[in-house]
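Asker: I am attaching a structure below and will ask some questions about it afterwards.
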Amino acid sequence: MRLTFLLSSMLLVACSSGNAITLRTKDTPLNQLSEVNAKLAFTCVHEKIPAPSAETDVLFQYARWLQKNNQIPQDEAVDVEIGRLYRIAAENNHYKANVNLQNGAMRGQFKLAGGERLRLSQQLIDADVASGYYMIAIYLQKGAAGLQQDENMSLRYFRKAADEGSAQAQAFVAEKLFPIDIAPDIARQMRRCAAEQGNGKAARALGVDLKNDGHYQAALEMLQLGVSAGDESSASFLDNGFRGPKRDNGLYYLDQQEDLQRAERYRQIGKALGNWSYANPSVPEINEIVPLPPAKLPAWDGKLKWVEEREANVPPPKPSEALIEQLAKAMVLDPKTGKPLPGSPVYSKED
């Protein structure tokens, strides 16, 4: 009971100390957040990422294309080039490149020193990008990036990230708050907010919850949103739900008449999502393929736009070395690695 209370207390509050990060590293004491206000309500906010410059986006788009083509198998030499391009773009305020760089570093793809991770997270926070708080939450949770492990402070940063619009944080916090003795209503609000931003797992979790409570139409709509976001399990629930299960089938009953043609389309879509699960597929055109009843099914050629584009694999323009050097020079970076050089405003000997 005490553990449940502590957990709920951490997740029902948000840290509100402005945008500066002052946390306990392995060598310095923690400066506690000065203001911690009880947040017994949640207001849905979607993450907003400032638009990048056209020049930095050339680097980002090409790096992302390289990354998509370097998954199975993975070539370390290609990862080095991806990291270089992401670094230079990120240091020139391309915030999606910043996020991808940090995510890749967490997976071991790119090498980032602890100080660099904190600085890049602060860069996101200063730009009002919620993912910055989410990154700090993960580093606190794992005791990474030079921060001392602190589960309680980590939970506060997860909540702050959720309040600021991070879909991943909203889904994470919702999972912790969902038990009936904590805050299930807030969890539902967070899941809906995350689902609206394309978090398929959050959409599925809320869809199943709505189904279990007998809100079948709302459940259908949320599971449909899950399929749109690429969640294979959401497609499976809809596939089975349109195969006419009886009311006593607590897992799949959705109060729908048997419609095997709809079910088969969901089965095919689910299979494709499963086959491509490692590449984060999505089906944004789901309502054009399988609109929910009472809409009639349109003709469908069995193709998914995401799969078609993935298999076509058209590369974006490759950035010239002149452009790379220009952007590197602007931030005093080594154009060969993307790392800051002495004289750069972000240079640190420790990095």
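Rule-based calculations on the coordinates, nothing more; no lab input. Because the structure is a prediction, the values reported are computed rather than measured. We place every Cβ from the backbone using ideal geometry, glycine too, and count neighbours over all the protein chains shown.
Asker: Mind giving me the nanometre distance, one decimal, between the label points for Y347 and A330, set 7 Å out from Cα along Cα→Cβ?
Answerer: Inter-label distance under the simple model: 2.0 nm.
Asker: Sticking with this one: Are there any GluC sites (Glu not before Pro) in the range 118-216 that are in a DSSP loop and have at most 12 other Cβ atoms within 10 Å? List them by number.
Answerer: none
Asker: Let me ask something else. In the chain, what is the volume of the convex hull around the alpha carbon atoms, normalised per residue and reported in Å³?
Answerer: Dividing the Cα hull volume of the chain by its residue count gives 150 Å³.
Asker: Here's something else I'd like to know. Tell me which aspartates and glutamates have Cα within less than 13 Å of K303's Cα, excluding those fewer than 8 residues away on the same chain?
Answerer: Within the straight-line cut-off, K303 pairs with E285, E288, E311.
Asker: Quick one: if the Förster radius is 22 Å, what FRET efficiency do E221 and D128 give, using the C-beta to C-beta distance and rounding to 0.05?
Answerer: It comes out at approximately 0.15.
Asker: Could you give the size of the charge dipole of the chain about its Cα centre, using +1 on the Cβ of each K and R and -1 on the Cβ of each D and E, expressed in debye and rounded to the nearest 20?
Answerer: My answer is approximately 440 debye.
Asker: I want to check the label-to-label distance for A279 and V78. Put each point 7 Å from Cα in the C-beta direction and report it in nm to one decimal.
Answerer: 1.1 nm
Asker: A further question follows. So which GluC sites (Glu not before Pro) in the range 255-300 end up in coil per DSSP with only 15 or fewer other C-beta atoms within 10 Å?
Answerer: The qualifying sites are E258, E285.
Asker: Enter the Cα centre distance for the pair the range 292-339 and the range 121-185, rounded to the nearest angstrom.
Answerer: Between the Cα centre of the range 292-339 and that of the range 121-185, the gap is 28 Å.
Asker: Only Cα pairs within less than 10 Å get springs; with that Gaussian network setup on the chain, which residue of D248, D239, D213 has the largest fluctuation?
Answerer: D248
Asker: Could you list D334, D231 in order of exposure, starting from the residue whose Cβ has the fewest other Cβ atoms within 10 Å?
Answerer: With the fewest neighbours first, D334, D231 line up as D334, D231.
Asker: Hey, can you grab everything whose amide H is under 5 Å from the amide H of L333? Only 5+ residues off in sequence or another chain; H modelled, so Pro and N-termini drop out.
Answerer: So L333 has HN proximity to L341.
Asker: Which entries in the list K48/K160; K176/K201; K96/K305; K271/K305; K48/K296 go over 25 Å, if you measure between the two C-alpha atoms of each?
Answerer: From K48/K160; K176/K201; K96/K305; K271/K305; K48/K296, over 25 Å: K48/K296.
Asker: Using the Karplus equation 6.51 cos²θ - 1.76 cosθ + 1.60 (θ = phi - 60°), what ³J(HN,Hα) coupling, rounded to whole Hz, does each residue of the range 280-293 give in order, writing x for Gly and Pro?
Answerer: Taking θ as phi minus 60°, the curve returns 6, x, 8, 10, x, 8, 3, 6, 8, 9, 9, x, 5, x Hz for the range 280-293.
Asker: Suppose we flag chymotrypsin sites (Phe, Trp or Tyr not before Pro) only when DSSP calls them loop and at most 16 other Cβ atoms lie within 10 Å. Which is the longest uninterrupted stretch of the chain?
Answerer: 1-299
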